[in-house]
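*Asks:* Shown below is the structure under consideration.
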Amino acid sequence: MASAEPVSKLTIEGDVAVLSLNSPPVNALSAAVREAILNGVRSAVENPAVKAVVLICEGRTFIAGADITEFGKPPKGPSLKEAQDAIENAPKPVIAAIHGTALGGGLEVALCCHYRVAVPSAKCGLPEVNLGLLPGAGGTQRLPRIVGAQKALEMMTSGQHVGAKQCLEMGLVDEIVAEGDLRAGAIALARRIVAENRPLKKVRDLNEKMLADRANPAIFADFRKANARKFRGFLAPEYNIRCIEAAVNLPFDEGMKVERQLFMELMQGTQSAAQRYVFFAERQVWKIPDIEDDIELIPVKKVGMIGAGTMGGGIAMNFANVGIPVTLVETKQEALDRGLSVVRRNYETTAKRGRLTMADVEKRMSLLTGSLDLDSLADCDLIIEAVFENMEIKKEVFAKLDKIAKPGAILATNTSALNVNEIATAVKRPEAVVGMHFFSPANVMRLLEVVRGDKTSKPVLATAMQIGKKIGKIGAVSGVCPGFIGNRILRARTLQAQAMLTEGAMPWDIDKVLYEFGLPMGPFAMSDLAGLDIGWSKETSKSSTIREVLCEMDRRGQKTGAGYYDYDEQRNARPSPVTEKVIREFAAKAGNAPRTITEQEILERCVYPMINEGARILEEKIALRASDIDIVWINGYGWPVYRGGPMFYGDTVGLAKVVAKLKEYQPKLGPEFVLSPLLERLAAEGKRLQDVKA
Ligand code: T1G
């Protein structure tokens, strides 16, 4: 993070010293920055002409936290505590001048200052929980003393960035000055503090709110109960709560000991290692090695959507949400009306929940235009097709689009599995064709697989990624193969889950293991939710799979009250003796004597083939890097972020063990299973998937 320029400058403006930090990109608290703060404050304090000190940052933001790239490395330079103590114990007022985002260690430094001033656009937060951590520099003890236990619980377990206005209301900042006026405003405040001989407010001494909260211990029990589902599997939220309990019930220095102990536990744990890995993976995923960062993008001011069904409507909402008009084309009026009314209903539901105003709803609906005529897309910059998953139909649509769309328009397909190169053969401009695979519900799911065809041009690919970022998605580049990255790996798991049914495991055994592993739902409960009859038809059904047999028995999932599970009126699932009988008979017909399959085997048989398939995707260069595969599974398939994704998990378990187990299970893994040579080589060389470069 070190930049050529000195990371700080101390200027004396009359009787006020201004210590400005300048360590791009986010003034993180690297060793150099900690040193600069310590030395800067010390020399300001020693300077008899100085009556107050302003701490301010150059660049886009105030200190955005500890330098995450230094974690896990031997500590260098002064500790953060030394710098903070120099500020808090300074005999002259120190004022933090905040712009951008004062986050984590950055806010903790500001909380050691005696006063804080901010511009209206500034935000403050302690988002360490998103890194599987907790504020480890006094934030857990100082924040509650200002905002109270309840607000501290919300801020520290959500990691939310709170706006300046609310910070002022909570007392987190003492004053707001005009945008662009921060430096002068902070100096003016410093002079007023000196002139009015205001006290050196040390947050650590503020106990009023702690005493009040001490009388209301239910705060913590209620908060834990209200968030149990959301925090399931995560360690960090509970540890943050314990620190705030310590702040309420213990003297400051005792509370700091609790914070330190719990911080170190999390820092040395696998969950934080995983979440820190994901932090950088979410930033790497946008970088496409053979495309320059400053490539010229195609302006996207108007979007065309072919198909106004569940996917089409959801996709269109993403663009309307960011003010981009969308024309939705359908074949029949009632399909169009139905599609637009579903979109309006979704928006109205969001408004009822207070996350939108009705004016917002009308504004967004006004950006959506329905049409029965493909020609109405002639002036669109990006056209996305979401018609039935059939190659002939897709090619027919693209051939028509080729005649209608303006030169330079991007022609995108939302296919979730079909060959994008084959679709591109239907047009004379295959360089304009790209896959934009949204996940259902498309207005909610964050993941966007951007599928690069053999002929997709660099500006088209880069634009598809950037427009994905603009509509709030996390984009991941995938090459062309059946199922791209996400569904291809899903298939590897599904094959094993279904195979184990015929070996003695029951759907609820397998779902239990994957649910406890941290997935939101097991594969069989998921199938029941989606409907077992997707792609099934009575006419072609031959009782060739357990799923087919269940469908033939009209057990098609939650919607029929029965599928793999039986469901009560409230749709609560319970293991089904009917399904058990179907499975036993099916296994017997396959000549399998049922055996007890341990939970460990279930987990390994489901997850290790996923890791293997990920390695095959890497060696085929379908994915640019292992962390992209992890981003896909975390944002599209509910893989728990505190396990870093299937590839990171493989590295955590150790590839040697993964390969050994896969070889042990190989006789049972079925004809489709092929051990990845890359995985075997990395295991043999003691290397990791995350070190594989594109
Ligand atoms: N350390 C190191 N690098 C960081 C960083 C950090 N804290 N924050 C950002 N970067 C890099 C990032 O990798 C990227 O690099 C570039 O800066 C721009 O980031 C003791 C233990 C500040 C809101 O969790 O949330 O303090 O990819 O693309 O969208 O209690 O970055 O360009 O090479 O995200 O404008 C707590 C983390 C740390 C905040 C800006 N702080 N950062 O978002 O840009 S733990 C955080 C963010 C801590 C103490 C504890 C965001 C941002 P590159 P970006 P952005």
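No value in this document is a laboratory result; all are computed from the given coordinates. This one's a predicted model, so the numbers in the text were calculated from it and none came from an experiment. For neighbour counting, all protein chains shown are included, and Cβ atoms are generated from backbone atoms with ideal geometry for every residue, glycine included.
*Asks:* What's the exposure ranking of Cys606, Cys243, going from fewest to most Cβ atoms within 10 Å?
*Replies:* Cys606, Cys243
*Asks:* State the answer as a single residue: which of Thr327, Ser20, Val444 lies farthest towards the positive end of the charge dipole of the chain, with beta carbon charges of +1 for Lys and Arg and -1 for Asp and Glu, about the Cα centre.
*Replies:* Ser20
*Asks:* Counting pairs of alpha carbon atoms under 8 Å apart in space and at least six apart in sequence, what relative contact order in percent does the range 301-417 give?
*Replies:* Value for the range 301-417: 31 percent.
*Asks:* Further, regarding this structure: What are the extents of the Cα atoms of the range 569-694 along their three principal axes, listed from largest to smallest and rounded to whole Å?
*Replies:* Computed over the Cα atoms, the extents are 49, 38, 23 Å.
*Asks:* Where does each of 33-39, 139-145, 334-340 land if you order them by average Cβ count within 10 Å, highest first? Numbers along the way, then the final one.
*Replies:* Working: 33-39: 22.6, 139-145: 28.1, 334-340: 16.1.
Those peptides, ordered most packed to least, come out 139-145, 33-39, 334-340.
*Asks:* Counting alpha carbon pairs within less than 8 Å and at least 6 residues apart, what relative contact order, in whole percent, applies to the range 349-410?
*Replies:* 35
*Asks:* Something else about it: Given Ala684, Ala615, Thr350, which one lies farthest toward the positive end of the charge dipole of the chain, if we put +1 on the Cβ of every Lys and Arg and -1 on the Cβ of every Asp and Glu?
*Replies:* Thr350
*Asks:* On alpha-carbon atoms, Rg over Rh for the chain using Kirkwood Rh?
*Replies:* On the way: Rg = 28.5 Å, Rh = 28.2 Å.
With Rh from the inverse mean 1/r over Cα pairs, Rg/Rh is 1.01.
*Asks:* Go through the range 108-208 and name the GluC sites (Glu not before Pro) that are in a DSSP coil and have 10 or fewer other Cβ atoms within 10 Å of their Cβ. Spell out each step's value before the answer.
*Replies:* Working: sites: Glu108, Glu128, Glu154, Glu169, Glu175, Glu179, Glu196, Glu208; in loops: Glu179, Glu196.
Listed in order of number, the matching sites are Glu196.
*Asks:* At q = 0.15, 0.18, 0.27 Å⁻¹, what base-10 log of I(q)/I(0) does the Debye formula yield for the range 107-174 when every alpha carbon is treated as an equal point scatterer in vacuo?
*Replies:* Reported log10 I(q)/I(0), two decimals: -0.41, -0.60, -1.37.
*Asks:* Considering the dipole of the range 494-628 built from charges on the beta carbon (Lys and Arg +1, Asp and Glu -1) around the Cα centre, which of Gln600, Leu550, Ala497 is farthest to its positive end?
*Replies:* Among Gln600, Leu550, Ala497, the one farthest towards the positive end of the dipole of the range 494-628 is Leu550.
*Asks:* Along each of its three principal axes, how wide is the spread of alpha-carbon positions in the range 256-297, in whole angstrom units, largest first?
*Replies:* Taking max minus min along each principal axis of the Cα atoms, the range 256-297 gives 52, 19, 10 Å.
*Asks:* How high is the relative contact order of the range 146-209, given as a whole-number percent (alpha carbon pairs under 8 Å, six or more residues apart)?
*Replies:* 42
*Asks:* By DSSP, what percent of the beta bridges with both residues in the chain are antiparallel, rounded to the nearest 5?
*Replies:* Rounded to the nearest five, the antiparallel share is 30 percent.
*Asks:* Continuing with the same structure: Dipole size in debye (nearest 20) for the chain around its Cα centre, Lys and Arg Cβ +1, Asp and Glu Cβ -1?
*Replies:* So the magnitude is around 420 debye.
*Asks:* In deg cm²/dmol and to the nearest 500, what is the mean residue ellipticity at 222 nm of the chain if only DSSP H runs of at least 4 residues count, each as -39500 (n - 2.57), divided by the residue total?
*Replies:* -14000 deg cm²/dmol, from helical runs alone.
*Asks:* By average Cβ neighbour count within 10 Å, what is the ranking of 278-284, 628-634 from highest down?
*Replies:* 628-634, 278-284
*Asks:* Further question on the same structure: Among DSSP beta bridges lying fully in the range 1-97, give the percent that are antiparallel, nearest 5.
*Replies:* Counting DSSP beta bridges with both partners in the range 1-97, the antiparallel share is about 40 percent.
*Asks:* Still on this model: Mind ordering 541-549, 429-437 by average Cβ neighbours within 10 Å, highest first? Don't skip to the end; give the middle numbers.
*Replies:* Numbers: 541-549: 15.7, 429-437: 23.7.
My ranking of the peptides, most packed first, is 429-437, 541-549.
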